[in-house]
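Down below is the structure, laid out as structure tokens.
The values are calculated or read from the model by the stated rules, or taken from the named source; none is laboratory data. Bear in mind that the values here come from a model prediction, so they are computed numbers and not experimental data. Positions of Cβ are backbone-derived with ideal geometry, glycine not excepted, and every protein chain shown enters the neighbour counts. Please note that ligands, DNA and RNA were not included when accessible areas were found on the heavy atoms of the full protein model with its side chains. Shrake-Rupley method; radii C 1.70, N 1.55, O 1.52, S 1.80 Å.
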There are 2 protein chains.
Amino acid sequence: MTAPLLVRVARREPVERTPVWFMRQAGRSLPEYRAIRQRHSFFEVAGTPELCAQVTLQPVVRHDVDAAVLFADIMSPVLGMGIGVELVEGVGPVVAQPIASRADVDRLSTTEPQQEILDAIGIVRRELAPEKALIGFCGGPFTVAGYLVEGKPSRDFAKTKALMYREPDTWHALLDVLAEQFSRYVAAQVAAGADVIQLFDSWVGALSPRDYEEFVAPYSARILAAVDAPTIHFGTGATEELLQAIARTGGDVVGVDWRLPLTSPPDDRAVQGNLDPAVLLGPWERIEDAALDVLDAARDRSHIFNLGQGVLPATDPGVLTQLTQLVQERTVEARV
Amino acid sequence: MTAPLLVRVARREPVERTPVWFMRQAGRSLPEYRAIRQRHSFFEVAGTPELCAQVTLQPVVRHDVDAAVLFADIMSPVLGMGIGVELVEGVGPVVAQPIASRADVDRLSTTEPQQEILDAIGIVRRELAPEKALIGFCGGPFTVAGYLVEGKPSRDFAKTKALMYREPDTWHALLDVLAEQFSRYVAAQVAAGADVIQLFDSWVGALSPRDYEEFVAPYSARILAAVDAPTIHFGTGATEELLQAIARTGGDVVGVDWRLPLTSPPDDRAVQGNLDPAVLLGPWERIEDAALDVLDAARDRSHIFNLGQGVLPATDPGVLTQLTQLVQERTVEARV
């Protein structure tokens, strides 16, 4: 049986056209998602296999994108470890008792991956057409550790960096337990039916390349190595130098946000991205121009079309459908 | 009379040692500043010449840095334009009625620069030793316009970009009136005694290089061209490509944050930066190592030592004093 289109691109095989999906395509602004959220909290949806599968499939049904991405939060695998996390609207994850000491880290325990999430993956994989990929998903260790130390999203991650510099042993113990938990989580997702895993380190751009190498890269490498499937590695706000460090750490596909050229990753990787999500708030002519520029930049590379970051809540879902069609049609034509 | 050390570096003249100052050195965590703030609001301090001068001089007195930087907010020059701005602790500037339409822009009027700020500059320049520079300061047009459109600091500047894309005429009208106001503001600062002007576009890293060129660069260029003195141009979160665009737009000195190599700006400019401000929260050995690495990277360039962004509020002022001495002593030795 032929593997899903997106998987073949991740392996850098020749393909019939460019696959397209959107980070954060599941949830957020879709009316059919909002209807479900009126009756259930975020973690209720994520923790109920049928609801999680339904929300994961909604954007595939609506836009006909080439991949479903597991509906989950980057804090999902942390929930059972002995830390209370709440998702606060307009803020993000809020941690009741942030990690501040070695004793706090020592209280964390690894747990088996949540069965409900694995069951949801099984449902999605059965319902999804075989040519479409199911992308599993895991937060990057810096971003998750940063939320655990700050207690909430931060601009400068000052507390997190202070912990790194002042108590490197505590930091490494924290990243070690997270890497263990996340490695089990991604391996279990693949065993349950995920075709690809994306490691998404949203805030890693706050680090200098040197700090990334010292404090984060070994743990990201461990998580990626636990995946017996193609991987996508993505960090937001990277400079050229940090992006090279991210690529060295691992990933069959390297994600690129809208600030860097899409061709920045090394030639031996596929690339994913990189339309500025804010462009989707503008008129269609600008969206089309910008999307065609992305396709043009990627013409000599194995490329998964995507935004350079998650879909913004204010985005019109109709625009995502139109953009999906544009990419799918234009890249077939280009190959005829 | 010899110009201040920092001015000579900005002109890329040979100098006796590397000058050092810290962005956001005035205010924030200094106890002598906090004592004043217990009795006066931020804008009261900034709007009272004697208080503003005192706070501007405090870090020079305490750390013996090579420059004073005007105590002001990037929203200061906007205050008289017909917009209510409040500085909310822990949030930043909050705008009562954000700009949403052409009519909102048309209601803005340019005003003469606030006399109190110019008087404060006069006092500081008279009290400051002649070898030390007084740095005037102006917010970058993207950052200020972004605050005016969003109503408060934002992670993605989605409303701002939506306005750019949907109503480019409104955007250009807004940037035009800001550029006019800011040009007068910086010219008046120089006339009042500022030796150097720093244009600080904190959030410009949210833009792709192309959007920067189209929507921001012409206005930044106009403001910089209005300065009859050396200029420092700095944007946070820039990629290599955006940094080159920033440098093309202007600035005798180009500031570099901690994510990019300090030598990224073109050879015909001096450089400023670029220690990660969070490193100052760590142990002294790490700070010293990182600072010496910065000096080493800059050894063939005209260099103003600084952090890669503003001093973090949690920083121990004693560390800033120690770091100032380190830079001043080591760079003299290196030249002997």
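Some values worked out for this structure:
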{"read-out": "Computed label-point distance, nm, for sites B:Ala314 and A:Glu32 using a 7 Å Cα→Cβ extension", "value": "4.4 nm"}
{"read-out": "Using θ = phi - 60° and Karplus 6.51 cos²θ - 1.76 cosθ + 1.60, couplings along the range A:151-164 (whole Hz; Gly, Pro as x)", "value": "x, 6, x, 9, 7, 10, 6, 5, 5, 5, 5, 4, 5, 3"}
{"read-out": "Cβ neighbours within 10 Å from other chains - mean over B:250-262", "value": "2"}
{"read-out": "Shape parameters for the range B:154-261, alpha-carbon atoms, Rg then Dmax in Å", "value": "14.0, 42"}
{"read-out": "Dimensionless Rg ratio for the range A:295-336, taking C-alpha atoms and the 2.2 N^0.38 Å reference", "value": "1.31"}
{"read-out": "Helix-only mean residue ellipticity at 222 nm for chain A, each DSSP H run of n ≥ 4 adding -39500 (n - 2.57), per residue, nearest 500", "value": "-14000 deg cm²/dmol"}
{"read-out": "Chain B: antiparallel DSSP beta bridges as a percent of all, rounded to 5", "value": "15 percent"}
{"read-out": "Along each principal axis, Cα extent of the range A:19-141, largest first, Å", "value": "48, 27, 24"}
{"read-out": "Shortest-first distances to equivalent copies, position A:Asp169, nm, label 7 Å out along Cβ", "value": "6.7"}
{"read-out": "Share antiparallel - DSSP beta bridges, the protein assembly as shown, percent rounded to 5", "value": "15 percent"}
{"read-out": "Square roots of 5 times each gyration tensor eigenvalue, C-alpha, the range B:97-144, largest first, Å", "value": "34, 13, 6"}
{"read-out": "Note, ³J(HN,Hα) from phi for the range A:271-288, Karplus 6.51, -1.76, 1.60, rounded to Hz, x at Gly and Pro", "value": "10, 10, x, 9, 6, 4, x, 5, 4, 5, 8, x, x, 4, 4, 5, 5, 4"}
{"read-out": "Teacher prompt: B:Leu87 distances to equivalent labels in other copies, 7 Å Cα→Cβ, nm", "value": "3.7"}
{"read-out": "Peptide-level mean, for B:270-283, of C-beta atoms on other protein chains within 10 Å", "value": "4"}
{"read-out": "Separation between Cα centres of the range A:268-334 and the range B:119-153, rounded to whole Å", "value": "40 Å"}
{"read-out": "D_trans [Stokes-Einstein, Kirkwood Rh over alpha-carbon pairs] for the range B:5-335, 37 °C, 0.692 mPa s, µm² s⁻¹", "value": "165 µm²/s"}
{"read-out": "Residue with peak Gaussian network fluctuation, chain B [Cα springs, cutoff 10 Å], from B:Arg222, B:Arg24, B:Arg126", "value": "B:Arg126"}
{"read-out": "5 Å-binned pair-distance histogram of the range A:210-255 (Cα, whole percent)", "value": "5, 23, 35, 25, 9, 3"}
{"read-out": "Dimensionless Rg over Rh [the protein assembly as shown; C-alpha; Kirkwood]", "value": "0.98"}
{"read-out": "Computed E for A:Asp300/A:Glu329 - FRET, C-beta separation, R0 22 angstrom, nearest 0.05", "value": "0.60"}
{"read-out": "Accessible-area value, A:Glu213, 1.4 Å probe, nucleic acids and ligands omitted, Å²", "value": "80 Å²"}
{"read-out": "Order by protection proxy (mean Cβ within 10 Å, highest first), peptides A:148-158, B:91-101", "value": "A:148-158, B:91-101"}
{"read-out": "For the range B:207-336, Kirkwood radius (reciprocal of mean inverse C-alpha pair distance, Å)", "value": "15.6 Å"}
{"read-out": "Proximal aspartates and glutamates relative to B:Lys152, as straight alpha-carbon distance under 18 Å, when same-chain residues fewer than 8 apart are discounted", "value": "A:Glu89, A:Asp156, B:Asp73, B:Glu86, B:Glu89, B:Asp104, B:Asp201"}
{"read-out": "Calculated on alpha-carbon atoms, Rg and Dmax of the range A:90-198 in Å", "value": "16.4, 51"}
{"read-out": "Ascending list, in nanometres, of distances separating the B:Arg155 label from those of the other copies (7 Å, Cα toward Cβ)", "value": "1.4"}
{"read-out": "Computed E for A:Glu86/B:Ala96 - FRET, C-beta separation, R0 30 angstrom, nearest 0.05", "value": "0.50"}
